[in-house]
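Before I ask anything, here is the structure I am working with.
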DNA sequence: CAGGAAATTTGATTTTAATCACAGATTAAG
DNA sequence: CTTAATCTGTGATTAAAATCAAATTTCCTG
């Protein structure tokens, strides 16, 4: 057990998990180290909810390993996935800034290792390093752009367009280019994909089958997709 | 013509249109005045596009009078409205921050009076008044929350829920409470409402008619709606 | 305030995806 | 490696909203 703590701290001090976060990227090494020392580590098993909707959250959370999803539930009980977080992403900063409860829950999609910073440490660092507010502004701005794009995507009538956009997004983030095309390990099940784009599991299946018939993609098991014709997806997408 | 300029400047110096902007609200009067002096005024007729999508935009724009909409166009040529701006709202700050082209166009819904600040002035003020970065962060954070809610809304299966949410939002912003209910002057036509929630004009009509039959709302001409039973809308909404 | 333009409502039909039901495939655990 | 549990794909049916096509209402201009 002691070895676990050592390993975690070592990971942070060596790799400086803070270093992965764009918001902190302009800080000098000493500052990063000083942040790293205050970081609280937490391991979360796949499927666990580590931030609950409607509960006051006083930590900035960094995904050090694994993936997680942020989601809300609609009136009819269906899940709407808002964000997929991967290694290096951080979350919860807005709750600290606005001192509000988390508006959605965050659930581990795989086993996840978290690094967390208390509200106190976070605010202290903003004060000590005024230059990072500009970084935070940038980061929020990019997130805004992403959401605007997502809204446009969800407003689309055509389901092909919506699925294509999602696949292209995942390809960009998780894809590996090979001769045959781009191999993408999907962070979500079909059900998850459905929640992400706001349709049903069955419709996702049908449209993916159709794309496969047209030789645009190829399913490899449940978790992997090979994009054979990226161009075709781009044309559907816009 | 001279009188126009005087009037505009007077409006800014007297009322300090900058004062209406939450982001600047913490600044001392002198700072506000100094900003106001640099403001460029522009009058825009209803229907005119004053910020074009894909064009570099180097002004922070404040809506001093009137209303405007920000929209993008989907692959199939349909319009998706992202924001409705009213008096006191500001826009374009993100383009300045990220030095990017406007990702959407902004069009006047009514005759509009704008106050604009150049990128240069804007950046200078951020530097001189570091405290406003925190205000900007707050403002962006609130906008993020709004978009997240909008995504959840668009992911909803039920159209009642989507329309109800939109009506409640407009009521909150533009509504006037009376004995009979809340009178709301809609900023958008039925067509606009449709673009806002991602459905067709006809479906909007039908659902509004249905809500009227159920005595939940009442249409008064094309621009006004009386919400008789806010509670019912809230129940649809969530 | 009349008249025409624009926006809206309503009806009929078609298209699309949701729903329901189940078979088949993949994954994970022992 | 087997087996159960879970996830996924497909067919049939239903429900819902899009589309197409008027008819009506509202709004604005002269």
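Looking only at the range A:209-223, how many residues end up being outside any helix (DSSP H, G or I) and near DNA strand D (Cβ under 8 Å from one of its atoms)?
The number of residues fulfilling the criteria is 3.
Does residue B:150 meet the test of being within 16 Å of DNA strand D (Cβ to nearest atom), within 29 Å of residue A:94 (Cα to Cα) and within 12 Å of another protein chain (Cβ to nearest Cβ)?
It is false that residue B:150 is within 16 Å of DNA strand D (Cβ to nearest atom), within 29 Å of residue A:94 (Cα to Cα) and within 12 Å of another protein chain (Cβ to nearest Cβ).
Let me ask you something else. Exactly one condition in (1) surrounded by fewer than 16 Cβ atoms within 10 Å (Cβ to Cβ); (2) at pLDDT 75 or above; (3) under 19 Å from residue B:83 (Cβ atoms) is false for residue B:50; which is it?
Only one criterion is unmet by residue B:50, namely (1).
If a residue must be part of a loop (DSSP other than H, G, I, E, B) and either crowded, with 21+ Cβ neighbours inside 10 Å or at pLDDT 95 or above (or both), how many such residues does the range B:157-178 contain?
1
While we're on this one: Filter the range B:207-238 for residues that are more than 14 Å from every other protein chain (Cβ to nearest Cβ) and under 20 Å from residue A:75 (Cβ atoms) and give the result.
B:207, B:208, B:210, B:211, B:214, B:216, B:217, B:227, B:229, B:230, B:231
Which one is farthest from the other protein chains (Cβ to nearest Cβ), of the residues in the range A:179-206 that are in a strand (DSSP E or B) and more than 14 Å from DNA strand D (Cβ to nearest atom)? Even if it seems obvious, please write down each step before you answer.
Here is the first cut: in the range A:179-206, the residues in a strand (DSSP E or B) are A:182-185.
Now restrict to residues that are more than 14 Å from DNA strand D (Cβ to nearest atom): A:182-183.
Numbers: A:182: 21, A:183: 26 Å.
For the range A:179-206, the residue satisfying everything is A:183.
Only one of these conditions is not met by residue B:56: (1) surrounded by fewer than 17 Cβ atoms within 10 Å (Cβ to Cβ); (2) within 14 Å of chain A (Cβ to nearest Cβ); (3) modelled with pLDDT of 95 or more. Which number is it?
Against the list (1) surrounded by fewer than 17 Cβ atoms within 10 Å (Cβ to Cβ); (2) within 14 Å of chain A (Cβ to nearest Cβ); (3) modelled with pLDDT of 95 or more, residue B:56 comes up short only on (2).
May I ask you to list the residues in the range A:69-92 that are closer than 19 Å to residue A:20 by Cα, away from DNA strand D (no atom under 16 Å from the Cβ) and not in a loop (DSSP other than H, G, I, E, B)?
Hits for the range A:69-92 are A:83, A:85, A:90, A:91.
Of A:64, A:34, which residue is surrounded by fewer than 21 Cβ atoms within 10 Å (Cβ to Cβ) and either outside any loop (DSSP other than H, G, I, E, B) or away from chain B (no Cβ under 12 Å) (or both)?
The conditions single out A:34.
Inside the range B:117-140, can you point out the residues that are more than 13 Å from chain A (Cβ to nearest Cβ), modelled with pLDDT of 90 or more and surrounded by fewer than 21 Cβ atoms within 10 Å (Cβ to Cβ)?
B:118, B:119, B:120, B:121
Would you mention how many residues in the range A:67-80 are more than 14 Å from chain B (Cβ to nearest Cβ) and within 14 Å of DNA strand C (Cβ to nearest atom)?
Keep residues of the range A:67-80 that are more than 14 Å from chain B (Cβ to nearest Cβ), which gives A:67-68.
Pick out the ones that are also within 14 Å of DNA strand C (Cβ to nearest atom) and you get A:67.
The number of residues fulfilling the criteria is 1.
The values are calculated or read from the model by the stated rules, or taken from the named source; none is laboratory data. Computed from a predicted structure; not experimentally measured. All Cβ positions, glycine included, derive from the backbone under ideal geometry; neighbour counts span all protein chains shown.
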